[in-house]
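Scroll down for the structure; my scribbles are underneath it.
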Number of protein chains: 2
Amino acid sequence: MAKVNDNYLKLPGSYLFSTIGKKVKDFSEKNPDKEIIRLGIGDVTQPLAPAVIDALHKAVDEMGNADSFMGYAPDLGYSFLREVISEKDFKARGCDIEADEIFVSDGAKSDCGNIQEIFGLDNRIAVCDPVYPVYVDSNVMAGRTGEYDPQLERFKDVIYMKCTKENGFTPDIPSEVPDLIYLCFPNNPTGAVMKKEQLQEWVDYANKHDSVILYDAAYESYISEADVPHSIYECEGARDCAIEFRSFSKTAGFTGLRLGYTVIPKSLKTGGVDLWPLWARRHGTKYNGAPYIVQRAGEAVYSAEGRKQVEEQIAYYMQNAKIISEGLKDAGFEAYGGVNAPYIWMKTPDNMTSWEFFDYLLEKGNVVGTPGSGFGPSGEHYFRLTAFGSRENTERAIERIKTL
Amino acid sequence: MAKVNDNYLKLPGSYLFSTIGKKVKDFSEKNPDKEIIRLGIGDVTQPLAPAVIDALHKAVDEMGNADSFMGYAPDLGYSFLREVISEKDFKARGCDIEADEIFVSDGAKSDCGNIQEIFGLDNRIAVCDPVYPVYVDSNVMAGRTGEYDPQLERFKDVIYMKCTKENGFTPDIPSEVPDLIYLCFPNNPTGAVMKKEQLQEWVDYANKHDSVILYDAAYESYISEADVPHSIYECEGARDCAIEFRSFSKTAGFTGLRLGYTVIPKSLKTGGVDLWPLWARRHGTKYNGAPYIVQRAGEAVYSAEGRKQVEEQIAYYMQNAKIISEGLKDAGFEAYGGVNAPYIWMKTPDNMTSWEFFDYLLEKGNVVGTPGSGFGPSGEHYFRLTAFGSRENTERAIERIKTL
């Protein structure tokens, strides 16, 4: 008789965005005259850059011609893309990452979710709290987390590292030593960053304890300050302890096109075993490469023209972030993030819970955001707003919040 | 200290296509005047159909415009694609499969590799021998197969079902009852099919023993005979025991575009637990949807024009298959498949091993195929040729084989 993977049954319902959707729908139906502005979900709104569109059209034409048609892609990605990533994202920043250490994929979400597979079930993971849910959920599914405690809103065997106002929303070294350490900076949902010397401490710690850091750098393009590392490989020794995830989703608006990559240095070993061949074997067995046309689109992001265009998009979103952040502060709210990340993490007023403030903002301001408690218990009394809306909607939303 | 997943270390080297590549390279270097014809790898050569190219260009334009830009896709696929799949691939054949039972993905390889995750580690799997390597390898990685026995070329805890000339390359019911049964028909590598009544026996068997059939129907478009089922859901009771995988790779030449889907009926339970929500949760956690433009390309395959164009491509490849199959028989070889599948499975002459025949064919005929032993021990003394070459090359390859 077939048996299901019982670990899946340990997952609590994933109600955050469905509950938001339901509340917004109910409100709209009762208030058809109210126009709702959504600054909740982290999806981009700007269209793809012209250089990307041109590259897509050109690649589509190649696929329609027998002489230039491309079948199965190389498992780990086309050289034209891996080479330019190595040059522009790493070597240009002084990071020693070669093209063949880059694994092209359909996105950082898939890679962040799948990476745990190459590690044994007896690893103890550490995550920030609040946190992007994929890190924990993918480990629950694999059976690495123990049972869920609904009272604590936590899994028994996971090390949660609180990120609060007191520590600048960056984790302190935990008292128990984790085997796998998930870090995401610039952070979703708080918008916080780690300075280079802070991240260096984590790298040193991981090397000392033979832990592996799983570093999600999906938002690195939004960094505006000088002493904030874009890659963990800017830190000394990171090639011996870190895997890094990158995304084209927020960098170049590829949320609907799907492209990302993972870096596994060839020098990275765990218990004497090289990790590079394990991930290569996983790619070769359970994946068939990102579409040729999408890899060409990715290449176009690194052209002079493409780079300029996506930088303009990022500047547009970061101007939104500034409008939100300054507007909130002007209105007397505590607000964090928004300087090196497209997320603003605000404290709810009057000690309201995250969901109370959600309801209040929806009803009084007709603005939708994301309750911080949805990202973990330490997110309670916080609220996430995103900079991915249009300028007009962002400005109007802030005007409404100011007059609450 | 971090620990790797030791199960990965049980995998024997994946040397089949790399060894072929090396041998071909060596031969070319020593014989620069010889022109080599490749009928080895199962990749298509015809360009994408005009209707698909038009749909891609149109969707790319939408992505370049703020009003029509598409961000994150729905996790399980766009309705426009799921609806047309349900209608054309299932309801038109009398199969009761609804749009919301279809999970759109980046290909059947990913889905075939990932599906085992929703099942517990204590399931016993059964596979055909010879077989597409992904089914076994993905289970090795998860820890479901025990150790590899290099003498037997088999994993200790896997039930291998021999597919030989004697049983028409279709498996007999095994003596031990498996929990998960991988079946692929039309078959890669043998090109064999199961008639409907044969497949019905497997469905009845699975329902009787509460086993789940994982049915890979990637090659269903190549079926030409009337009593061969295109979907396992043509069999009575399959909704209660079967998951089906489909691919656009061979149907419409999407090997480089990446699109497929998996069907999990809502009525499918294992030990009282619904499987549909588990796979939905996996999609939502570790996947972010197939690209919008690729889903639009998939939709175009079902338009009247698109259908006609891809049918012409399939007819072209199947004419190649006929040329290979008849040519081999004319030349005195035993050959199977090629009627409902793009693969021809030939017996090597004079009791040569698969690799001996590979070398012989390369050296004497300058033609490359795939040694049958690469797909499992029961593939020894067989050899796979594919119909995916150009007509001209296919004809020339057969002329060369005839004059060996």
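The values are calculated or read from the model by the stated rules, or taken from the named source; none is laboratory data. If you're wondering where the values come from, they're calculated on a predicted model, not measured in any experiment. All Cβ positions, glycine included, derive from the backbone under ideal geometry; neighbour counts span all protein chains shown.
At-a-glance table
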quantity	calculated
So A:ASP61, is it at the interface with another protein chain (Cβ under 10 Å from one of its Cβ atoms), farther than 28 Å from A:GLU153 by Cα and not in a loop (DSSP other than H, G, I, E, B)	yes
Filtered residues of segment A:112-133 (kept if over 18 Å from the mean Cα position of the chain (by Cα) and assigned to a loop (DSSP other than H, G, I, E, B))	A:GLY120, A:LEU121, A:ASP122, A:ASN123, A:ARG124
So B:VAL158, is it more than 10 Å from chain A (Cβ to nearest Cβ), in contact with a Phe, Trp or Tyr (Cβ under 6 Å, 6 or more places away or on another chain) and among the β-branched types (Val, Ile, Thr)	no
Residue satisfying all of: in segment B:119-133; within 24 Å of A:ASP111 (Cα to Cα) and surrounded by fewer than 22 Cβ atoms within 10 Å (Cβ to Cβ); nearest to the other protein chains (Cβ to nearest Cβ) among these	B:GLY120
Those residues of segment B:307-356 which are closer than 16 Å to B:CYS163 by Cβ, more than 18 Å from the chain's Cα centre (by Cα) and assigned to a loop (DSSP other than H, G, I, E, B), in sequence order	B:GLU334
Residue in segment B:287-304 that is in contact with a strand residue (DSSP E or B) (Cβ under 6 Å, 6 or more places away or on another chain) and either assigned by TED's automatic domain parsing to the domain that holds B:GLU395 or touching a residue at least 60 places away in the same chain (Cβ under 8 Å) (or both) present	yes
Boolean, B:GLY40 is away from every other protein chain (no Cβ under 11 Å), at pLDDT below 95 and not in a helix (DSSP H, G or I)	yes
Only one of B:PHE169, B:PHE185, B:PHE155 that is on the phi > 0 side of the Ramachandran plot and buried (at least 17 other Cβ atoms within 10 Å of the Cβ)	B:PHE169
Total residues in segment A:63-81, condition without any contact (Cβ under 8 Å) to a residue 60 or more places away in the chain and not aromatic (Phe, Trp, Tyr)	7
Any hit, segment A:343-362, residues being in contact (Cβ under 8 Å) with a residue 40 or more places away in the chain and either among the β-branched types (Val, Ile, Thr) or touching a His at 6+ places or on another chain (Cβ under 6 Å) (or both)	yes
Enumeration of residues in segment A:64-111 that are among the charged types (D, E, K, R), assigned to a helix (DSSP H, G or I) and within 14 Å of chain B (Cβ to nearest Cβ)	A:LYS109, A:ASP111
Positions within segment B:149-199 being more than 24 Å from B:TRP345 (Cα to Cα) and in contact with an Asp or Glu (Cβ under 6 Å, 6 or more places away or on another chain), in sequence order	B:LYS156
One residue from A:TYR15, A:TYR8, A:TYR78 being touching a strand residue (DSSP E or B) at 6+ places or on another chain (Cβ under 8 Å) and of a type in the set (Ser, Thr, Tyr)	A:TYR78
Unique match (being in a helix (DSSP H, G or I), away from chain B (no Cβ under 14 Å) and among the aliphatic types (A, V, I, L, M)) among A:LEU278, A:LEU199	A:LEU199
Answer from A:ASN167, A:ASN139 - the residue that is away from chain B (no Cβ under 14 Å) and either closer than 26 Å to A:LYS208 by Cα or without any contact (Cβ under 8 Å) to a residue 60 or more places away in the chain (or both)	A:ASN167
Unmet requirement for B:ARG258, which otherwise passes all of (1) assigned to a loop (DSSP other than H, G, I, E, B); (2) facing another protein chain (nearest Cβ under 9 Å); (3) without any contact (Cβ under 8 Å) to a residue 24 or more places away in the chain	(3)
Odd one out for A:ILE53 among (1) β-branched (Val, Ile, Thr); (2) farther than 26 Å from A:GLU234 by Cα; (3) touching a strand residue (DSSP E or B) at 6+ places or on another chain (Cβ under 9 Å)	(3)
